[in-house]
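Q: Got a structure for you, written out below as structure tokens; questions coming shortly.
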Amino acid sequence: STAIDLYCPNSAKHITRTQENVTIELASGELLNAKLLVAADGAVSQCCQQIGLELSEHDFDQVAVIANIVTQEPHQ
């Protein structure tokens, strides 16, 4: 089975990438090596900025409403 390791609280201090892998230096000084980095740190991603990935946006001219609805009566 594959394990997932959490490094919290911590942050990526420096990121370098090659064709084969990515190396992340954490603020704690620890180095991590991986074949895949998922940059899920928001629209203004520090991870993407460090490795030179640019944000690509496209406006689809669509609007959505998301709501959580609670009823007093159960579904019948």
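The values are calculated or read from the model by the stated rules, or taken from the named source; none is laboratory data. The structure displayed is predicted, hence computed values, not measured ones. No Cβ is skipped: glycine too gets one built from the backbone with ideal geometry, and neighbour counts run over all protein chains shown.
Q: Got a number for residues in the stretch 14-29 being in contact with a strand residue (DSSP E or B) (Cβ under 9 Å, 6 or more places away or on another chain) and loosely packed, with under 14 Cβ neighbours inside 10 Å?
A: Pass one, the stretch 14-29, residues in contact with a strand residue (DSSP E or B) (Cβ under 9 Å, 6 or more places away or on another chain): 14-17, 21-29.
From what is left, the residues that are loosely packed, with under 14 Cβ neighbours inside 10 Å are 14, 16, 21, 27-29.
Of the residues in the stretch 14-29, 6 are in contact with a strand residue (DSSP E or B) (Cβ under 9 Å, 6 or more places away or on another chain) and loosely packed, with under 14 Cβ neighbours inside 10 Å.
Q: Go through (1) at pLDDT 85 or above; (2) surrounded by fewer than 13 Cβ atoms within 10 Å (Cβ to Cβ); (3) aliphatic (A, V, I, L, M) for A40 and report which single condition fails.
A: (1)
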